[in-house]
Amino acid sequence: MTRYIVRRLLQMVLTFFGATFVVYALMFANQDDPYQVLAGDRVVSDSQRAALNAQYHLDKGFFTQYWYYVKGLLTGDFGTSLTGRRIGDMLAEAWPITIKLTLLAIVISAVVAIAAGVFSAVRRGGIFDHVTLVLTLVVLAMPIVVLAPVAQLIFGVKLGWFPVTVTRDANLYQLLLPALVLGTLVVATELRVTRSSVAENLRADYVRTARAKGLSTRRVVGVHVLRNSLIPVITLIGVDLGVLMSGAIVTEGVFNIPGVGFNLFRGIRTEDGPVVVGFVSVLVIVFLVVNLIVDLLYAVLDPRIRYE
Amino acid sequence: MSDINAVTTAEAPGPAATRPADASSAKPRSLAGDAWRDLRRSKVFWIAAVLVAVILLMAVWPTLFTSADPANCQLANRHHPAGGGALFGYDFQGCNVYARTIYGARDSIFVAVVATLIAGVIGLTVGLVAGFYGRWADAVLSRFIDIVLGVPFLLAAIVLARRFTVHETDTGVLAVTLTLGLLGWTTAARVMRSAVITARNQDYVTAARMLGAGPGRLMFRHILPNAVGPFLVVLTLLLGINIAAEATLSYLGVGLQGDAISWGTSIAGNGPYVRVVAGPVVWPSIFLAVTVLAFIMLGDAVRDAFDPKRR
Amino acid sequence: MTDIKAEMDVLPGMDPRAHLLHVDELHVEFRTRDGVAKAVNGVNMWLRPGETLAVLGESGSGKSVTAQAIMGILDTPPAHVTGGRVLYRGVDLLKLSEADRRKVRANRIAMIFQDALSALNPVFTVGFQLAEMFRMHRGMSRRDAKARAIELLDQVRIPGARDRIHDYPHQFSGGMRQRVMIAMALALDPEILIADEPTTALDVTVQAQIMKLLAELQQQRNMGLILITHDMGVVADVADRISVMYAGRVVEEAPVHDIYSRPAHPYTKALLESIPRLDRKGRQLNVIPGLPPPLTDLPSGCSFHPRCAYAREICSRDEPPAYQIAPQRIASCHFVREVLGV
């Protein structure tokens, strides 16, 4: 177990430097005028240039720049936006509601996906199975840019079931529609993975043993099969966080939720380079950390890995 | 935006995500034949194929479907209801929504197809090299794939698309195509790599090596034909994902812009007015969703056909 | 621990004087997309307390399917029991409700499987999987169940049982894993144990240890044992009687010594001639020509006739009846006398 954790940690350190390097290189490498990249179409004044120099050390060599950038990330200094706000403050303000939204989406999608996935696997070829398979196809085909505005239009504007926009101190009810939209992004794949994983495990030899032991179907499926089947599903939920982050940018934009995605969305729209780089970097770190946690959880769930 | 990793591993999770056809070892030639026979009998395949054909026709030859000029927008027509050549009415700039939706297929499809080709070539090369040479080549390339996967796709795309965009005059087609192509190859590479590793260890490949076949011949005559099935499935799904990704990037303002006509730009441009008139948002949305659906169905059908376990 | 057994005794029709187990004209078929596979076609079989019945046959002969039908753990679909009875102490198990059936499993009839690594759940400790029997069937507390699990591992002679209950199946050696399986099957003191190729996946030396352990445990408990195998060598030492199966039928049934000295069915005879024996050193081994028939398309008449040295016209036309050739001997062949040489 210790060896597994150490190896996984080392991997994460490598991926961290690799990923931040990629982000940074994509942003700045080989640019004729890095100031203009950060500032977009704006006219850059000399004082702004000086400020950007202080922040990004653009007058230094590339690796020095990268070094300062990583140092900033690790010490929690994410720089200042073109409008003069500290990005760290913006993040601190935006996090709570984004975490609420994402957690809600993860919980809703996981509960629906696992319940429906297990049910269609147990009743394979049944009506429920066929209907969910078609539904997952339809859901998979809905890009978030379609889903979010259409859901807002139908359930918020036309039917009036949910509030159309969300305030900063939103309650769960306000967040429900955006969370459903967000959860829809990942529910289909999670359901399909659950279904095929359960179906595969139902054919396993240990299921025959469990039945020979005189256990009820509920216990065979609910304990023996489920515990084995959840292993790939948990991993998938970790990977899905990346999808949810991407989805949150659009969803928060559409529903005016003042979270991390909304700030990033506005940063892109207003061409505020430091905001984009800062937020993207932080999201990448969160993604890496969550996937590390998921991998450790994986080891807890699968003893064959734990004792490797 | 769907995630390609999630989609392609949806039916076979875990380490064995891409178990290539076992049957391939016994009769390498008949696998493709079997798959094609299965495909021809699959309803899903035919529905998807017809949809894709219609969409491609739309992209190549839009005048078949409409005689209106999508660029002929008159503010006087703003939000006018359907009538005349405008089946779906007019949008906030007074453009013919039907014409723009038809013509929108062109850039959407172009970006997706070329980006998928780029991703395919990179994925094929990386996967082949990593799988065939193994050892340190595999270690380095696999780490590199991990790093690219360590950045969520859209976040990387946002940064990259900004990077490629030449301001003012550019419609962004090139920038978006390059962005999606350079980021989308990882799953293809992984699938290729594991397929090659499985194929490499088959007896008949060992036999060919014993008989003195060089690495080039081994790769292209013996290994590649058997690794190609799962690889094609990934590319088909990637097409659908790229179409959705282009729309998302355009919506965010880092994709197609300016004079470009695409479903994504239509949705983004008309988004703020969706409460006034829904049509200009809803119609391109439907076309977009149906196109993505067609490619996902195609990928599903092809995967089923290539999967010996399902026979 | 008598509560469940007492409850079982209330089952209608239960007769303690009846046969421990009597399988009567059992039919099982698998309905698949490629057609109907007739896996079991009228199997008859019986078992007394303390007795060992060996069921011998090639793979695909229906021996494992018969065992799973007795246990009631066939996957339906695709498997369907289409006829016959499985009588346990006079009660037809096939007619019981699923809840009653579950009480019979493990309590009365238990089963162990060939590959213990895949037959045990990989993500639960051995202790959990053993204790589960007591917790689910006896309503014991976790602690009591754990104590019983340790006792069981001791009984099957796993060293350091107290520590090893916290280990996972993959941490045991093949032989030790099979001991765990045996411990699990014996947990609730069943009257019948079905062992489906219990030693096939093991080394030869370990095989002998496991067979010895099974025999000892059987004697201690006066258990009926059905030993399913394709290995005639394993059978000779431990079995009291042998049922030879071919294409879903019992073609011959006899006490173990009679079958070795005077086989009454051409298939049994051919099987015996195909195993290497010391007293026949130097002679060529006979191989049965051809392959077992596909279950989706069984030959007419006697299923063995295409491979049979004695086959004549009647064999492809009429299914041979079961001839009683001695008090405990049955063989299904039109030419029993000729085979026996009388």
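The values are calculated or read from the model by the stated rules, or taken from the named source; none is laboratory data. Remember, it's a predicted structure, so these values are computed and weren't measured experimentally. Here Cβ is always computed from backbone atoms with ideal geometry, including for glycine, and neighbour counts include all displayed protein chains.
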Does region C:132-184 hold any residues that are in contact with a Gly (Cβ under 9 Å, 6 or more places away or on another chain) and part of a loop (DSSP other than H, G, I, E, B), and which are they? C:ILE165, C:HIS166, C:ASP167
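For region C:266-342, please list each of the helices (runs of 4 or more DSSP H) lying entirely inside it that holds at least 3 residues being of a type outside the set (Lys, Arg), at pLDDT 80 or above and within 24 Å of C:ASN44 (Cβ to Cβ). Don't jump to the end; show me each part of the working.
Details: elements: C:266-273, C:313-317, C:336-340.
Here the list reads C:266-273, C:313-317.
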If we keep only residues of region B:61-90 that are in contact (Cβ under 8 Å) with a residue 12 or more places away in the chain, in contact with a helix residue (DSSP H, G or I) (Cβ under 8 Å, 6 or more places away or on another chain) and not in a loop (DSSP other than H, G, I, E, B), then the residue surrounded by the most Cβ atoms within 10 Å (Cβ to Cβ) is B:TYR90
Expected single match for out of contact with any strand residue (DSSP E or B) (no Cβ under 9 Å at 6 or more places or on another chain), among the hydrophobic types (A, V, I, L, M, F, W, C) and buried (at least 24 other Cβ atoms within 10 Å of the Cβ) among B:ALA244, B:ALA289, B:ALA301 is B:ALA244
Name every residue in region A:155-178 that is out of contact with any Phe, Trp or Tyr (no Cβ under 7 Å at 6 or more places or on another chain), at pLDDT 85 or above and within 24 Å of B:GLY264 (Cβ to Cβ), in order of residue number. none
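Out of region A:141-177, which residues are of a type in the set (S, T, N, Q) and more than 9 Å from chain B (Cβ to nearest Cβ)? Spell out how you get there, then give the answer.
Looking only at region A:141-177, we keep the residues that are of a type in the set (S, T, N, Q), and these are A:152, A:165, A:167, A:171, A:174.
The answer is A:THR165, A:THR167, A:ASN171, A:GLN174.
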With region B:141-243 as the region, which helices (runs of 4 or more DSSP H) entirely inside it contain at least 1 residues that are of a type in the set (Phe, Trp, Tyr) and closer than 24 Å to B:ALA305 by Cα? B:203-210
For the structure I just gave you, tell me whether C:GLN219 is more than 14 Å from chain A (Cβ to nearest Cβ) and touching a residue at least 12 places away in the same chain (Cβ under 8 Å). yes
Suppose we filter region A:134-144 for residues that are out of contact with any Leu (no Cβ under 8 Å at 6 or more places or on another chain) and in a helix (DSSP H, G or I); how many remain? 3
Of the conditions (1) of a type outside the set (D, E, K, R); (2) part of a strand (DSSP E or B); (3) under 14 Å from the mean Cα position of the chain (by Cα), C:VAL235 fails just one. Which one is it? (2)
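Which residue out of A:VAL193, A:VAL181, A:VAL198, A:VAL138 is within 14 Å of chain B (Cβ to nearest Cβ), out of contact with any Gly (no Cβ under 9 Å at 6 or more places or on another chain), of a type in the set (A, V, I, L, M) and within 20 Å of A:ILE108 (Cα to Cα)? If you could, list the steps in order and put the result at the bottom.
Working: A:VAL193 fails: out of contact with any Gly (no Cβ under 9 Å at 6 or more places or on another chain); A:VAL181 fails: out of contact with any Gly (no Cβ under 9 Å at 6 or more places or on another chain); A:VAL198 fails: out of contact with any Gly (no Cβ under 9 Å at 6 or more places or on another chain).
After ruling out the rest, the residue left standing is A:VAL138.
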If you go through region A:84-111, how many residues are closer than 17 Å to A:LEU185 by Cα and buried (at least 19 other Cβ atoms within 10 Å of the Cβ)? 7
Give me a count of the residues in region C:58-70 that are under 13 Å from C:ARG101 (Cα atoms) and either over 10 Å from the mean Cα position of the chain (by Cα) or part of a strand (DSSP E or B) (or both). 1
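With the requirement that a residue be in a helix (DSSP H, G or I) and within 14 Å of chain A (Cβ to nearest Cβ), what does region C:185-216 give you? I'd like the intermediate steps shown before the answer.
Residues of region C:185-216 that are in a helix (DSSP H, G or I), as a first pass: C:185-186, C:204-216.
Matches in region C:185-216: C:ALA185, C:LEU186.
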When you scan region C:95-123, how many residues do you find that are at the interface with chain A (Cβ under 8 Å from one of its Cβ atoms), among the hydrophobic types (A, V, I, L, M, F, W, C) and closer than 15 Å to C:MET71 by Cα? 5
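Among what's in region B:244-264 and is in contact with a Leu (Cβ under 6 Å, 6 or more places away or on another chain) and outside any helix (DSSP H, G or I), pick the residue that is nearest to B:VAL191 (Cα to Cα).
If we filter region B:244-264 for residues that are in contact with a Leu (Cβ under 6 Å, 6 or more places away or on another chain), which is where we start, we get B:245, B:247, B:250, B:255, B:262-263.
Pick out the ones that are also outside any helix (DSSP H, G or I) and you get B:255, B:262.
On the way: B:GLY255: 28, B:SER262: 31 Å.
Only one residue tops the list, namely B:GLY255.
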Which listed residue, of A:ALA212, A:ALA204, is more than 30 Å from B:LEU249 (Cα to Cα), more than 8 Å from chain B (Cβ to nearest Cβ) and in contact with a strand residue (DSSP E or B) (Cβ under 8 Å, 6 or more places away or on another chain): A:ALA212
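If I filter region C:242-257 for residues that are free of Cβ contacts under 8 Å to residues at least 24 places away in the same chain and on the phi < 0 side of the Ramachandran plot, do I get at least one hit?
Within region C:242-257 (the criterion being free of Cβ contacts under 8 Å to residues at least 24 places away in the same chain and on the phi < 0 side of the Ramachandran plot), the answer is yes, since at least one residue qualifies.
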Could you tell me which numbered condition A:LEU297 fails, if it satisfies all but one of (1) over 29 Å from B:VAL254 (Cβ atoms); (2) not in a helix (DSSP H, G or I)? (2)
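Being farther than 30 Å from C:TYR88 by Cα and in the same structural domain as C:GLY50 (by TED's automatic domain parsing), is that true of even one residue in region C:210-230? So that I can check it myself, show each step before the final result.
Our first condition is that a residue be farther than 30 Å from C:TYR88 by Cα; within region C:210-230, this holds for none.
Checking region C:210-230: not a single residue is farther than 30 Å from C:TYR88 by Cα and in the same structural domain as C:GLY50 (by TED's automatic domain parsing).
May I ask you to list the residues in region A:204-245 that are closer than 13 Å to C:LEU120 by Cα and outside any helix (DSSP H, G or I)? Break it down stepwise before answering.
At the first step, the residues of region A:204-245 found to be closer than 13 Å to C:LEU120 by Cα are A:204-213, A:220, A:224-225, A:228.
Residues satisfying the conditions are A:ALA204, A:LYS213.
I need a count of the residues in region A:160-180 that are surrounded by fewer than 11 Cβ atoms within 10 Å (Cβ to Cβ) and touching a Leu at 6+ places or on another chain (Cβ under 9 Å). Give the derivation first.
Initially, region A:160-180 is screened for residues surrounded by fewer than 11 Cβ atoms within 10 Å (Cβ to Cβ), giving A:160-161, A:169, A:172-173.
Then keep just the ones that are touching a Leu at 6+ places or on another chain (Cβ under 9 Å); that gives A:161, A:172.
Selection size over region A:160-180: 2.
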Picked from region B:187-229 (must be polar (S, T, N, Q) and touching a Gly at 6+ places or on another chain (Cβ under 8 Å)), the residue farthest from B:ILE122 (Cα to Cα) is B:SER194
With the condition kept exactly as written, say whether any residue in region C:25-40 is in contact with a His (Cβ under 8 Å, 6 or more places away or on another chain), touching a residue at least 12 places away in the same chain (Cβ under 8 Å) and at positive phi. no
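Can you pull out every residue in region A:261-275 that is touching a residue at least 40 places away in the same chain (Cβ under 8 Å) and in a helix (DSSP H, G or I)?
First pass over region A:261-275, keeping only residues touching a residue at least 40 places away in the same chain (Cβ under 8 Å): A:261-263, A:267, A:270-275.
Scanning region A:261-275 gives A:GLY261, A:PHE262, A:ASN263, A:GLY267, A:GLY273, A:PRO274, A:VAL275.
On the basis of being under 16 Å from the mean Cα position of the chain (by Cα) and in contact (Cβ under 8 Å) with a residue 24 or more places away in the chain, does C:LEU74 make the cut? Full working, then the answer.
On the way: under 16 Å from the mean Cα position of the chain (by Cα): yes; in contact (Cβ under 8 Å) with a residue 24 or more places away in the chain: yes.
Considered against the rule, which asks whether it is under 16 Å from the mean Cα position of the chain (by Cα) and in contact (Cβ under 8 Å) with a residue 24 or more places away in the chain, C:LEU74 comes out as yes.
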Taking A:LEU226 as the residue in question, decide whether it is closer than 21 Å to A:GLY117 by Cα and more than 8 Å from every other protein chain (Cβ to nearest Cβ). yes
Going by the structure shown, is C:ARG179 of a type in the set (Lys, Arg) and over 21 Å from C:PHE113 (Cβ atoms)? no
